[in-house]
Structure formats: C-alpha cells, structure tokens
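Below is one structure, written out as structure tokens; comments come after it.
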Amino acid sequence: MSKFKALIILRYSLFGLLGLFFILVILIRYTDGTISSGQKVLLGYDEKAERFQFFEDRVYYLNGVDGPYILGDSLIRVNAENELLIEPFVSDSILVESTSGLQFKLPLHANFEVPSVHYPLNTKLLAISDIEGNFEALQGLLQAHSVMDQNLNWTFGDGHLVLVGDFVDRGVDVAAVLWLIYKLEAEALAQGGQVHFILGNHEILNLQGNFHYAKGKYKKLASLIGVEDDAQANNRLLYSSQSHLGQWLRTKNCIEKIGNQLFVHAGLSPDILKYNLSLSEINELVRKNLDLDLYKKPNSDSIASFLMGVQSPFWYRGLVRDYKYYPKIRSNELSPILSYYHADRIIIGHSIVPEVSTDFDGRVIRIDVKHSQRLSSSQSQGLLIEDGEVFKIDASGTKQSLLIPSP
C-alpha cells in the first residue's frame with residue numbers, strides 16, 4: 001500500500017472515530033446514557049450542573065421528596081425543594097409523601113415481632129413482587145382489587161397480602177412504598193388479615209449498604225447523614241439497627257408457607273435439601289447473617305453461605321430458566337422440594353417473565369413482571385387466590401383464571 005493511500009485511510013478512520021464520538025456525546029447529552037465504571041464516570045452529562053463529565057467521580061443530588069427516616073431520636077426527610085431536614089423525633093406517628101404528592105399519616109408500631117412461617121389460607125390472598133420503589137404500581141394494584149381504598153386504608157378484611165420481595169431499589173419512592181406496607185400491616189392485623197413481607201435480594205443488598213441499584217438521591221442522602229469515608233458504611237445507616245425501618249425489615253422472613261403454597265422471592269434450589277432445613281431454620285439463619293455479604297465472600301459456615309449465596313432463596317433463578325451457574329430445575333428435582341415442605345406449589349418473583357404465569361403443571365407460579373409507572377395499567381400484574389381458584393390480576397382491575405391443574 002502506498003504512503004498516500006495509507007494517509008487517506010488514516011484520515012477517514014479519524015473522521016469516522018470523531019463522528020462516532022460526536023454521536024455518542026449527543027446521545028449522552030440528550031438521553032440518560034452514561035458510560036461508567038463503578039463510581040467513576042468515563043463519559044456522561046451532569047444535568048444539574050449542565051456540563052459534561054469526563055473521567056471523574058459520580059455526582060449525586062437529592063431529587064424530590066424522600067423519607068421520613070427515623071434514626072435514633074432524629075427524624076430525617078427531604079422536601080420537594082430538595083432540602084434535607086433533620087429534627088428531633090418526638091411523635092408516635094409520621095407523615096409520608098410520595099413523589100407524586102400523595103400524602104398519608106400512620107402511627108408507629110410499639111414493637112416488632114418476628115412473623116410466623118406457617119399460616120392457614122383464609123378466603124383470599126393477593127401476591128405481588130418486585131415493585132422496586134414504584135409507588136404508582138403498588139397503589140394501582142392494591143386499589144384495583146380492593147386491598148385498600150382511595151385513602152390508602154386496608155379494605156381486604158381477613159385476606160392475605162403477600163409481598164414477594166424486591167420492593168426497594170431502582171425506583172424513586174422506596175421510603176413511601178415501605179411506609180405504606182408498614183401502615184397496611186397494622187391495619188390488616190386489626191381486621192384479622194395479614195401482610196407478609198418476604199425479603200428479596202434487593203432488601204438484602206440495602207440492609208448491607210449496597211446501593212448499586214438505588215437511585216442517586218438515596219446515595220446522596222446517605223452521604224449527607226453519614227460520617228464515614230466509606231460510602232457503603234454510610235448507606236447502611238438508612239436500614240441499620242438504629243433505623244426504625246431497618247429494625248422492622250430485619251424481623252421479616254425470606255420464606256413462608258400459606259395454606260399449601262410456599263412463597264419465596266427467587267426460588268429453592270435442589271441443593272437446599274442437602275441441609276435438611278425447616279422453614280423456621282432457614283429464616284433464623286438468614287436473619288443471623290443479614291449483614292454479611294456471603295454472596296461475594298462465603299465463609300466457613302457452609303449452610304449460611306449457601307442461604308445467602310448464588311443458589312439462595314434470594315438469588316436462585318433455576319425455577320424459571322437456565323442460568324450461568326446452573327441449568328433450569330427438572331420436574332423430578334422440583335417434586336422432592338415440594339414434598340419435603342409438604343407444599344403443592346411455590347410462588348416466586350425475581351426472574352422477570354412477560355406476564356404472571358405457571359410452569360411445571362401449575363406447581364410453580366411466576367409473578368415478577370415489569371410493572372408500569374402508570375396507576376391503572378394492565379402491565380402491572382399480580383396473583384389472586386380466591387375460594388380455591390387462582391387468577392392473574394392487573395392494575396386495570398382485570399382478573400383472569402390461570403387454569404392451574406389440581407395437584
């Protein structure tokens with residue numbers, strides 16, 4: 001190749017690279033795109049400061065109402081003007097506001113009790129998973145099926161509301177979602193009903209201060225109220241044992257049995273049978289190890305490391321599909337699990353499916369869908385069990401039979 005041709009090719013290559021870079025910059029400027037690695041922004045645009053970012057630390061901002069958080073004797077909230085307010089906590093009730101402006105007041109629990117792991121099934125049960133800070137989806141589903149009224153008060157009588165994990169992270173209304181669940185829990189008990197909050201992997205991550213999937217406003221808040229140099233240590237404060245919400249979450253189970261159904265966030269691996277664990281033992285061991293990142297750093301306690309690891313009830317995806325660590329479970333592996341726990345089926349979230357649906361002849365029900373940000377959308381779905389029948393429901397009010405074969 002001649003020197004002239006080489007120069008031509010080099011010039012056009014440079015023009016091409018510059019063109020691609022220009023397109024990339026435009027996309028990053030006018031979309032939410034950011035090229036990053038960990039806490040470093042390689043190329044991005046800071047909307048607040050109205051400037052591009054090149055090879056620098058991420059910048060986070062308070063962004064809309066948040067809280068309240070009760071830490072020790074302090075009440076912490078962020079108002080609509082993005083002002084951080086810290087004041088002495090002197091009341092036995094709080095006012096909560098969602099980013100949409102919806103407000104509700106609730107009394108605080110006098111104490112926290114560890115829930116049971118076995119419950120009889122009353123006339124009706126509604127199950128939802130993976131709301132991830134999406135207040136509108138939660139509100140829409142619960143109001144469309146008369147779990148609560150327009151004033152956000154419990155109207156489900158002696159029914160069960162089962163929340164199958166991952167109600168935190170990704171969304172902008174995490175605190176409001178948690179406080180609504182907290183409120184409904186007390187109101188349900190007063191009417192003979194029950195709210196079951198099953199811990200998911202994202203609750204575990206938040207309890208451990210891992211805010212990788214959280215919106216930047218939560219990271220900013222944690223940095224403002226924390227005193228540590230380590231971001232994760234500051235993040236832990238929001239759901240620590242010093243936090244009212246943290247104390248409440250730390251009492252919750254990761255698996256429960258209601259009637260003949262097991263409810264668990266991700267699923268149960270066939271390997272769990274190696275440990276001969278009862279449901280109570282699973283929950284007790286998880287509670288003891290909530291603050292340890294045994295997913296990334298397993299220790300000498302093989303049982304605890306399994307229960308918090310890649311095949312744990314929080315992370316196992318094998319009831320839905322093949323995964324990089326294991327294949328999808330087979331029917332002859334599922335049957336011994338259900339038999340050991342004397343259950344007819346298992347109801348799970350965690351692994352997104354196009355719609356609430358069944359597998360293994362109705363022995364697995366998958367309820368993790370991509371919920372809508374709109375209040376009354378058919379995209380937001382859940383599960384209803386009523387008078388022995390099983391239905392797929394959505395936030396538009398639709399109820400459709402899942403036609404599960406009899407066990």
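The values are calculated or read from the model by the stated rules, or taken from the named source; none is laboratory data. These figures come from a predicted structure and were not determined experimentally. Because the Cβ atoms are built from the backbone with ideal geometry, glycine has one as well, and the counts that use them run over all protein chains shown.
Summary of values
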{"read-out": "Within the stretch 39-76, considering residues that are of a type in the set (Ser, Thr, Tyr) and assigned to a strand (DSSP E or B), the one modelled with the lowest pLDDT", "value": "TYR45"}
{"read-out": "Unique residue being surrounded by fewer than 20 Cβ atoms within 10 Å (Cβ to Cβ) and touching a residue at least 40 places away in the same chain (Cβ under 8 Å) when the list is GLN247, GLN191", "value": "GLN247"}
{"read-out": "Where a residue in the stretch 336-361 is within 19 Å of ILE198 (Cα to Cα) and without any contact (Cβ under 8 Å) to a residue 60 or more places away in the chain and its partner, wherever it lies, is of a type in the set (Lys, Arg) and not in a helix (DSSP H, G or I), with Cβ under 8 Å and at least six apart", "value": "VAL356/ARG366; VAL356/LYS392"}
{"read-out": "Some residue of the stretch 255-271 being without any contact (Cβ under 8 Å) to a residue 60 or more places away in the chain and assigned by TED's automatic domain parsing to the domain that holds HIS350", "value": "yes"}
{"read-out": "When residues of the stretch 253-286 are limited to those that are polar (S, T, N, Q) and in contact with a Leu (Cβ under 8 Å, 6 or more places away or on another chain), the one surrounded by the fewest Cβ atoms within 10 Å (Cβ to Cβ)", "value": "ASN260"}
{"read-out": "Condition met for ILE393 (in contact (Cβ under 8 Å) with a residue 40 or more places away in the chain and part of a loop (DSSP other than H, G, I, E, B))", "value": "no"}
{"read-out": "Residue that is modelled with pLDDT of 95 or more, more than 12 Å from the chain's Cα centre (by Cα), under 19 Å from ILE385 (Cβ atoms) and part of a helix (DSSP H, G or I), where the choices are LEU142, LEU161, LEU180", "value": "LEU142"}
{"read-out": "Which numbered condition LEU319 misses (of (1) in contact with a Phe, Trp or Tyr (Cβ under 9 Å, 6 or more places away or on another chain); (2) more than 24 Å from SER401 (Cα to Cα); (3) surrounded by 14 or more Cβ atoms within 10 Å (Cβ to Cβ))", "value": "(2)"}
{"read-out": "Leading residue by the ranking (modelled with the lowest pLDDT) among those in the stretch 77-98 that are closer than 24 Å to THR155 by Cα and either buried (at least 16 other Cβ atoms within 10 Å of the Cβ) or not small (Gly, Ala, Ser) (or both)", "value": "ASP92"}
{"read-out": "Enumeration of residues in the stretch 95-142 that are in contact (Cβ under 8 Å) with a residue 24 or more places away in the chain and among the polar types (S, T, N, Q)", "value": "SER98, THR99, SER100, SER116, ASN122, THR123, SER129, ASN134, GLN139"}
{"read-out": "Sole residue being of a type in the set (Asp, Glu), touching an Asp or Glu at 6+ places or on another chain (Cβ under 7 Å) and more than 17 Å from LYS257 (Cβ to Cβ), chosen from ASP387, ASP394, ASP359, ASP368", "value": "ASP368"}
{"read-out": "Considering residues of the stretch 155-164 that are surrounded by fewer than 23 Cβ atoms within 10 Å (Cβ to Cβ) and touching a residue at least 12 places away in the same chain (Cβ under 8 Å) only, the residue nearest to ILE347 (Cα to Cα)", "value": "ASP158"}
{"read-out": "Residues that are touching a strand residue (DSSP E or B) at 6+ places or on another chain (Cβ under 9 Å) and either charged (D, E, K, R) or under 25 Å from ILE258 (Cα atoms) (or both), drawn from the stretch 281-312", "value": "ILE282, ASN283, VAL286, GLN311"}
{"read-out": "Members of the stretch 119-131 found to be surrounded by 11 or more Cβ atoms within 10 Å (Cβ to Cβ) and over 22 Å from the mean Cα position of the chain (by Cα), listed by number", "value": "TYR119, LEU121, ASN122, THR123, LYS124"}
{"read-out": "Residue match in the stretch 292-308 (condition: part of a helix (DSSP H, G or I) and of a type in the set (D, E, K, R))", "value": "no"}
{"read-out": "Hey, GLU136 closer than 28 Å to VAL164 by Cβ, modelled with pLDDT of 95 or more and in the same structural domain as ASP173 (by TED's automatic domain parsing) or not", "value": "yes"}
{"read-out": "Subset of the stretch 296-316 that is in contact (Cβ under 8 Å) with a residue 24 or more places away in the chain and among the hydroxyl-bearing types (Ser, Thr, Tyr) - its residue that is surrounded by the fewest Cβ atoms within 10 Å (Cβ to Cβ)", "value": "SER312"}
{"read-out": "Which listed residue, of PHE197, PHE112, PHE211, PHE167, is surrounded by fewer than 22 Cβ atoms within 10 Å (Cβ to Cβ), touching a helix residue (DSSP H, G or I) at 6+ places or on another chain (Cβ under 7 Å), on the phi < 0 side of the Ramachandran plot and not β-branched (Val, Ile, Thr)", "value": "PHE112"}
